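Structure first, commentary second.
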Amino acid sequence: MNLKRKILLFSSVWLVIMLLLINGSIFLLFQKIIYDNETNRVTEHTRAVVAATNHAVAEGADIRALLRAYLPPKGMIRIITDETTSVLTISKEGYMQQLPTEYQNQQFVAIRTFDQIPYAVVSFPIIWTDGSVMMLEVTEILEDSKNTMQTLLVVLLVATVIVLLPALLFGNMLSKLILTPIKKLTSTMKQIQTTGNYKKLELDTSSKDELYIMGDTFNQMIDILEQNYQKQQQFVSDASHELKTPLTVIESYANMLKRWGKKKPELLDESVDAIYTEAVRMKEMTEQMLQLATDNIQQLLDKKEIDLLAMTKQVSQHIQITFEREVLFVEKGASFIIWADENKLKQVVYILLDNARKYSKDHITIQLEETSQSCSISIIDNGIGIPTADLEKIYNRFYRVDKARARETGGVGLGLSIAKKIVEAHKGQIEISSIEGKGTTVTVTIPKQVERVVNSIDS
Ligand code: ATP
Ligand code: MG
């Protein structure tokens, strides 16, 4: 059953049940009041007839004439023996004589039906002329009451229909109101499914109800999906493009080796070197790409208390020895203890020092600063700098300011995006200021002990 039918059924069935209960109760109550009034009236009349009959029996008067005088317009008076036979029946309506006789030896009042017509029967015991006890029974057809009841029934039925019709219309309107946006949403989703293109819903902004919020949330979700899809497409095309270069180099050297390798031994060394370098580059690139693709880096962080100064000195030593580059330290603060993942932060420092080394020729300065909330580390070089227009793009994956020169330095353009991801996972910030031709300063700020504060609040 579809939602529209369910809404209609639910709203109307309840209403029908309620109306039937209320109208049924009204009908039965009225019927009881009317029948009670009628039986009271007939009982009073019968009492009068019995008194007059007793008097006539005592006086020896003409009972038949007396009863005829007391006969109700649509009624019958009978004298019934203890053998339930009638000794005297007075009635204008012939068919009434077919009504069954009943002897009970005591007063009784009842409403019965004959041929679907209700009648009231009131019976009183009397002493008959021969001294025996008989029942004087007055019966009256309640045709007027029946008509009244029928009119009431029609009125109640019409009232039921009058209430039900708008309720059905209202149910219909309600289901349309709810279902139209849902149908739109479903058809948009189907279109996305069949065409593969992201599509947004057209929203009616006149009311900001739950249905509007549902549509708006859907549109926001589509935005995110579209952005992610575009990012993914960009990443795939960048990655395949980047991987193509080393693969082409490897392929061409391998080709050369196949053709001339055996005849020209000097070519052998060069080719193997080139193939090895490109293979290492590809391996590094693949590892970096995998790292960037990790979504839950925050959960993977293995945080502990680390000394930022000691850690930075360790990494810089490696650069100093391997690349014979002077690294100077400036410390503004007493303690540089932070709560972080040591290996990941080492990687950040390494990425930044590696950049400073690659894009400058002079010494590199590392400046550590401490505030009550955080520790920061700035890596300052006096190198080629970054043009202002490129500054906001350098965190993008595979982005390099000078692609031609980057091949000489061996850069892929993933370092800064990885560094940013790690710093943000630590709830920190990374900022770059640079003047082209003069040098670059990259500052990473990490909050001191975020986790520990949270932990102590928890406990
Ligand atoms: P990778 O780090 O992946 O080996 P990369 O160094 O080229 O390659 P990033 O570290 O992301 O990539 O840096 C992106 C670009 O930003 C670099 O190609 C370079 O043009 C520029 N850049 C980064 N740091 C500096 C710096 N200290 N001085 C000048 N330019 C820089
Ligand atoms: Mg780099």
Inset, instruction - Work through the residues other than LEU177 whose Cβ is under 12 Å from its Cβ and net out their charges, Lys, Arg +1 and Asp, Glu -1. - result: 0
Inset, instruction - Taking the Cβ of LEU309 as the centre, find all other residues whose Cβ is under 15 Å away and add up their charges (Lys, Arg: +1; Asp, Glu: -1). - result: -2
Inset, instruction - Scan around CYS375 for amide H atoms under 5 Å from its own, H built in the peptide plane at 1.01 Å from N, and keep only partners 5 or more places away or cross-chain. - result: ILE446, LYS448
Inset, instruction - Report, in whole Å, the centroid distance computed from the Cα atoms of region 270-290 and region 336-393. - result: 26
Inset, instruction - Would you mind pulling out the separation of the Cα centroids of region 138-214 and region 12-34, in Å? - result: 23
Inset, instruction - Excluding residues fewer than 8 places away in the same chain, name every one of the lysines whose C-alpha is closer than 22 Å to that of LYS92. - result: LYS74, LYS146
Legend entry - Theoretical ellipticity at 222 nm over the chain - DSSP helices of four or more residues, -39500 (n - 2.57) apiece, nearest 500: -20000 deg cm²/dmol
Inset, instruction - Pop out the carbon and sulfur fraction of the accessible area of the chain as a percent, whole number, probe 1.4 Å. - result: 56
Legend entry - Hypothetical label at SER132: residues of region 63-99 whose amide nitrogen lies under 17 Å (7 Å Cα-Cβ projection): 78-89
Inset, instruction - May I ask you to give the solvent-accessible area per residue for the chain, in square angstrom, as obtained with a 1.4 angstrom probe? - result: 60
Inset, instruction - Starting from the residue with the highest accessible area, list TYR35, TYR276 in decreasing order, probe 1.4 Å. - result: TYR276, TYR35
Inset, instruction - Using the structure shown, list the pairs from LYS244/LYS393; LYS304/LYS344; LYS420/LYS448; LYS4/LYS184; LYS231/LYS283; LYS263/LYS283 with a Cα-Cα distance above 20 Å, or answer none. - result: LYS244/LYS393; LYS231/LYS283; LYS263/LYS283
Legend entry - Spin-label pair ASN343/LEU28, simplified geometry with 7 Å Cα→Cβ offset, distance in nm: 8.0
Legend entry - Computed lengthening from TYR212 to HIS241, 0.36 nm per intervening residue step minus Cα-Cα distance: 6.2 nm
Inset, instruction - Could you work out the local net charge near PHE235, counting Lys and Arg as +1, Asp and Glu as -1, over the other residues with Cβ closer than 12 Å to its Cβ? - result: 0
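The values are calculated or read from the model by the stated rules, or taken from the named source; none is laboratory data. This is a predicted model, so every value here is computed, not measured. When we count neighbours, we look across all protein chains shown, and the Cβ atoms used for this are built from the backbone with ideal geometry, even at glycine. Calculation scope for accessible area: heavy atoms of the full protein, side chains included, ligands and nucleic acids excluded. Shrake-Rupley method; radii C 1.70, N 1.55, O 1.52, S 1.80 Å.
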